[in-house]
Ligand SMILES: Nc1ncnc2c1ncn2[C@@H]1O[C@H](COP(=O)(O)OP(=O)(O)O)[C@@H](O)[C@H]1O
Ligand SMILES: [Mg+2]
């Protein structure tokens with residue numbers, strides 16, 4: 001199911017906004033022993049600043065692979081991935097670390113919180129790696145925790161928090177360095193539906209405040225929140241839709 | 001990330017596996033502990049030997065009557081010609097660089113004051129004995145040359161004797177009795193402590209040579225003007241080897257010993273003897289040093305092993321740190337700091353154990369406890385260096401993980 005190149009241009013939303021993510025004909029091939037797995041096959045995708053994109057598709061269709069490339073955690077086998085108009089294949093490992101630190105906030109399905117570390121310290125972590133290290137790191141971390149509704153959980157350890165609260169800590173951590181882009185790979189996959197709704201509402205609110213949000217999800221009602229839905233199958237984009245009546249507008 | 005932040009992370013990680021951390025550092029504990037013991041025992045032994053040499057008297061030779069082969073001599077005591085006042089006189093006049101000379105007769109027996117009685121060592125000496133032995137009088141005065149000549153009934157007491165007979169009261173001017181003969185105490189000797197054979201040198205009563213002869217040593221054993229042993233002190237710039245040769249040929253000549261036959265006296269440099277013993281201790285120190293080097297290497301391999309385990313266990317954490325902006329050098333530093341902190345933990349425990357062990361050794365050998373702060377710093381630096389060397393490979397492995405593979409690991 002090949003998507004014509006024109007289609008991509010027709011569905012690129014927020015005309016006039018500067019481009020934040022530009023994936024041009026990228027493929028990602030993994031070799032496992034003798035076999036090769038084509039996780040992404042000649043995919044192109046453009047996302048502009050300020051968009052709210054839901055990526056959907058069955059398991060194994062290449063969504064996470066795409067997210068990792070967008071998040072500068074990995075490089076494509078062929079094709080070019082530009083983030084903030086910079087080709088990640090040409091950047092040094094330090095420059096990539098800096099890009100992940102400043103421009104991108106990542107939220108994972110498994111939360112990926114550090115054990116034996118308080119919520120406040122978790123959220124301060126990206127600022128510890130920032131250069132120069134901000135002098136108001138703790139203050140900023142407190143503000144982000146307040147923003148995700150955990151003002152009274154600053155000194156709690158992960159095991160003292162519910163799944164939803166842990167994911168909020170992870171979101172606060174992703175936000176603390178004021179990134180342009182928030183990437184979330186199945187952020188509600190491990191949460192119940194009510195908590196999931198709260199988390200998605202939080203993403204809408206953040207998007208309304210100007211952050212570009214790209215979220216991978218299986219659930220259609222979660223995807224309802226997004227302004228744009230991109231459907232993956234077998235390493236290809238099979239559908240890229242601008243939602244006419246997305247719920248995210250309610251948060252504006 | 002700053003060192004302080006890295007250290008905070010390292011301590012959190014080490015605390016989480018407290019028992020494992022301590023067991024891992026066992027090699028470092030032993031290595032650092034033995035460095036401390038080695039240095040402390042080495043310097044304690046050296047200072048003890050120095051003290052003994054000093055208490056012997058500096059730049060000094062001793063002439064003993066009889067041949068140097070002490071055991072297995074068949075000549076019998078009768079054939080042994082004692083050293084005489086005239087031998088001593090000749091040494092004083094004909095050897096170059098002599099500063100002071102004194103004979104020394106030794107004996108033992110009771111000394112009495114009033115109804116107090118103490119069994120002690122007597123020495124009969126000439127007036128220069130205090131100079132020769134670097135053994136000053138701290139209270140009162142030394143013997144005069146005249147007192148030595150006229151068998152004056154005066155005495156110098158060691159501090160142990162003073163304590164036994166006088167307690168805290170003033171001994172100078174008081175009278176003591178030796179074999180029922182009254183002697184007046186004219187001075188108290190400075191305390192010298194134990195000699196190299198563990199004998200209390202302060203348990204002593206000094207009498208003028210002529211007064212002591214026949215009194216502390218039975219008259220039958222003392223032939224005319226015997227002076228026992230002769231102590232000779234030389235000027236600091238005199239070579240003792242040359243002085244020894246000079247004295248030996250002088251005495252052979254005086255005592256008419258034919259060429260080729262054995263001396264009936266022997267001249268010894270006692271400091272040399274003590275130094276030889278000290279060098280045996282130094283050898284022991286080197287052995288301990290080798291032990292600690294091997295322990296540090298074995299300990300370092302243990303650290304490397306546990307750091308590799310730690311990197312594997314925390315692969316996801318490493319991936320996360322990279323995902324939020326940790327650079328390779330940040331990850332490298334974090335694990336290096338952790339390895340060094342682990343080694344320093346072992347180092348501190350090792351220092352505590354080493355200092356205690358050194359204190360026990362020093363107490364049982366009755367040495368001063370000498371634990372130099374620079375030995376502790378050196379041992380801790382060796383531990384830190386071990387952490388850097390053996391922590392580098394695991395830390396580098398962590399730093400070169402691919403962020404995605406790290407995040408995906410279980
Ligand atoms: N590191 C890897 N090694 C080998 N195959 C991989 C690796 N990562 C992903 N794949 C494969 O690539 C395909 C896409 O995976 P992924 O992007 O995780 O899918 P999704 O997130 O949509 O479930 C799958 O077939 C998966 O098995
Ligand atoms: Mg996935």
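Across the stretch A:183-195, the qualifying residues are those that are touching a helix residue (DSSP H, G or I) at 6+ places or on another chain (Cβ under 6 Å) and free of Cβ contacts under 8 Å to residues at least 40 places away in the same chain, and the one among them that is surrounded by the fewest Cβ atoms within 10 Å (Cβ to Cβ) is A:195. For the stretch B:267-279, the condition of being out of contact with any helix residue (DSSP H, G or I) (no Cβ under 7 Å at 6 or more places or on another chain) and either at pLDDT 95 or above or not in a helix (DSSP H, G or I) (or both) holds for at least one residue. For the stretch B:177-193, the criterion of being in a loop (DSSP other than H, G, I, E, B) and within 22 Å of residue B:64 (Cβ to Cβ) is met by at least one residue. Of the candidates A:209, A:186, A:239, the single residue that is within 16 Å of ligand 2 (Cβ to nearest atom) and either touching a strand residue (DSSP E or B) at 6+ places or on another chain (Cβ under 6 Å) or closer than 22 Å to residue A:70 by Cα (or both) is A:186.
Tell me whether the stretch B:28-46 contains one or more residues that are within 30 Å of residue B:253 (Cα to Cα), modelled with pLDDT under 90 and not in a strand (DSSP E or B). No, because not a single residue in the stretch B:28-46 is within 30 Å of residue B:253 (Cα to Cα), modelled with pLDDT under 90 and not in a strand (DSSP E or B).
Contact annotation: residue pairs with Cβ atoms under 8 Å, 6 or more positions apart or on different chains, pairing a residue in the stretch A:52-69 that is within 8 Å of ligand 1 (Cβ to nearest atom) with a partner that is in a helix (DSSP H, G or I) and at pLDDT 95 or above, are A:57/A:63.
Only one of the numbered conditions (1) crowded, with 16+ Cβ neighbours inside 10 Å; (2) more than 16 Å from ligand 1 (Cβ to nearest atom); (3) under 27 Å from residue A:242 (Cβ atoms) is not met by residue A:96, and that is (3).
Apart from one condition, residue A:104 fits all of (1) under 19 Å from residue A:215 (Cα atoms); (2) out of contact with any strand residue (DSSP E or B) (no Cβ under 8 Å at 6 or more places or on another chain); (3) at the interface with chain B (Cβ under 9 Å from one of its Cβ atoms); the exception is (2). Scanning the stretch A:58-82 for residues that are near ligand 2 (Cβ under 9 Å from one of its atoms) and not in a helix (DSSP H, G or I) yields A:59, A:60, A:61, A:62.
Results for (1) more than 14 Å from every other protein chain (Cβ to nearest Cβ); (2) within 36 Å of the chain's Cα centre (by Cα), shown as yes or no for each residue.
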| residue | (1), (2) |
| --- | --- |
| B:282 | yes, yes |
| B:285 | yes, yes |
| B:304 | yes, no |
| B:327 | no, no |
| B:334 | no, no |
| B:353 | yes, yes |
| B:358 | yes, yes |
| B:380 | yes, yes |
| B:386 | yes, yes |
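The values are calculated or read from the model by the stated rules, or taken from the named source; none is laboratory data. All values reported here derive from a predicted model rather than from experimental measurement. With ideal geometry, Cβ positions are generated from the backbone for all residues, glycine too; neighbour counts draw on all protein chains shown.
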